[in-house]
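These notes concern the structure reproduced below.
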Amino acid sequence: MSIAFEPVKLATPFFIATVILEIVLARAGKIRAHYETRDTAVSLGMGLGSQVAGVLTAGASFAAAVWVYQYRLFAIPMTAVWAWVALFLLEDMTYYWFHRISHERRFWWASHVNHHTSQHYNLSTALRQTWTGGLAGTWLLWLPLSFLGFPPAMVAIQKGLSLVYQYWIHTEAIRRMPAWFEAVFNTPSHHRVHHARNPRYLDRNYAGILIVWDRLFGTFQPELDEEACRYGIVRNLGGFNIFRVAFHEWIGIVQDILRQPRHTLGWLFGPPGWSPDGSRDTSARLKAQWAAANPAAAEASVPTPAAPQESRAGT
Amino acid sequence: MNTAFFIQTAASGVAIALLVALAAWAKIARPGSPLTDAYARALFAQEFPGRILDGVWIAGDGAGAVAKSGGLALVLCQVGDAYMARQLPWAQALAASFRDGRVRIDLADAGAPCATLVMPAWPPQGLEKVRGVRAA
Ligand SMILES: [Zn+2]
Ligand SMILES: [Zn+2]
């Protein structure tokens, strides 16, 4: 099954043109951007592989949405403006929770981690997409929208639009957008924080399009001039093998379970970096250590309500 | 899957090759220099905040470093224009294989299975002078 309007496919020429533009302008010294050749190859290769993997799994997830849609609660017309506004908000909130669970629980982190494995932050990084999202089953989170009554094709289009929106924010070329825009929307500045491995920036800014969800659910962290973002994961990868990028966390999970099968649930669904003996670091521990060592800065940081604060400490 | 899909995939593959070639031509990776003692210590401080380093050994080509910190070995390895870091028990690092001027440290990590560093000797020279190490 497929839909006629696929935002990601339509935007591909735009992706290519803007990566060219970013490289050329950076080379000319007009904007800030760094590209490492092998890193770029991996990011783009992951993007292509993700499209191929998507073709294999999209049929199944779309079929599931169509099946759920049969039992819909309401008949929501695809042609009504209010329906699109409602879907925009609901889909974006779904994305927030999908993204948050993808960082806070290792099983879903295993699928999402690849997006964070680059130590660079440029437009090519945006295309470093998962190959194993179908396996991780996070597409289930979007089924309630079809159950509510949004046509599956409409949901798929909105998901695509969200992904296309998130492309342009992967850049260091734009420092800040106007204040009103930064207040409402996810921006390059907010998403740089999300890709940063500095302890104070870990597990923050899960937004898709609207940053308001992070402000609402206590995970917002503004980018600070005094703390430059260092990109990547807590334990950065040792090379540019694309299969390692795609599968290393899955392999790590399997190795851990084989070694200590009685901790299978913890290895699967604990926060990334969890271990039975506490010999590894979770984001929560790294953040606590940082706060203890930098009390003044921690105090000055935006207060965040108590919430599970874990992950990015991939093994 | 149909012909259109294969054509699209092939076209994307060609586009990727061209973009990677453009990135290589542009030479806009982060400017880096080989590790010095001070640079390595700064990176260790960033990666392992608060850890006291008993000794630091820089790889001969400046592409990595090993530090001893109590019972731990801290390892830095260059990856492209950046670095990755790992820690492991010092005894495990000492047991690493050393051949042709390279020490190959098993990191037991799916994301970075091993670190290979150019070293004049292994165990590292001057280890006996390091705090906490008794003369053999
Ligand atoms: Zn993320
Ligand atoms: Zn991103």
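Only alpha carbons enter this Debye calculation for segment A:113-205, each as an equal point scatterer, and the log10 of I(q)/I(0) it gives at q = 0.10, 0.19, 0.25 Å⁻¹ is -0.34, -1.05, -1.29. Could you name the lysines whose alpha carbon sits less than 23 Å from that of residue A:159, not counting residues in the same chain fewer than 8 places away? Filter leaves A:9.
Couplings 3J(HN,Hα) of segment A:208-217, computed from phi: x, 9, 9, 6, 4, 5, 5, 5, 5, 9 Hz, in residue order, whole Hz [Karplus 6.51 cos²θ - 1.76 cosθ + 1.60, θ = phi - 60°; x for Gly and Pro]. Taking other C-beta atoms within 10 angstrom as a stand-in for reagent exposure, A:247, B:44 fall in the order A:247, B:44, fewest first. Against the main long axis of the alpha-carbon atoms of chain B, helix B:37-47 sits at an angle near 70°.
Determine the shielding of peptide A:30-43 by partner chains: average, over its residues, the number of Cβ atoms on other chains within 10 angstrom of each Cβ. Before the final figure, lay out the partial values.
Values: counts 0, 0, 1, 2, 8, 11, 9, 12, 7, 7, 10, 7, 2, 4.
Mean inter-chain Cβ contacts per residue within 10 Å come to 6.
Here segment A:1-135 is treated as a Stokes sphere of Kirkwood radius computed over C-alpha pairs; at 20 °C and 1.002 mPa s its diffusion coefficient rounds to 123 µm²/s. Ordering A:79, A:18, A:37 by the number of other Cβ atoms within 10 Å of each residue's own Cβ, fewest first, gives A:79, A:18, A:37.
Annotation: lysines with alpha-carbon distance below 20 angstrom to residue B:68 (same-chain offsets under eight excluded): B:129.
What Kirkwood hydrodynamic radius, in Å, does the protein assembly as shown give when the mean of 1/r is taken over all pairs of distinct Cα atoms and then inverted? In the protein assembly as shown this quantity evaluates to 23.4 Å.
I'd like the projected area of chain B, averaged over all directions, using the convex hull of its alpha carbons. Report it in nm² with one decimal.
On the way: hull surface 46.8 nm².
Directional mean of the projected Cα hull area for chain B stands at 11.7 nm².
Relative to the longest principal axis of the Cα atoms of chain B, the long axis of helix B:3-26 lies at roughly 50 degrees.
By the rule of a C-alpha distance below 23 Å, with chain neighbours fewer than 8 residues away ignored, the lysines paired with residue A:30 are B:27.
We did not get these values from a lab; they are worked out from the coordinates using the rules stated. What you see is a predicted model, and the numbers here were worked out from it, not measured in a lab. Cβ coordinates were reconstructed from backbone atoms using ideal geometry, including for glycine residues, and neighbour counts include every protein chain displayed.
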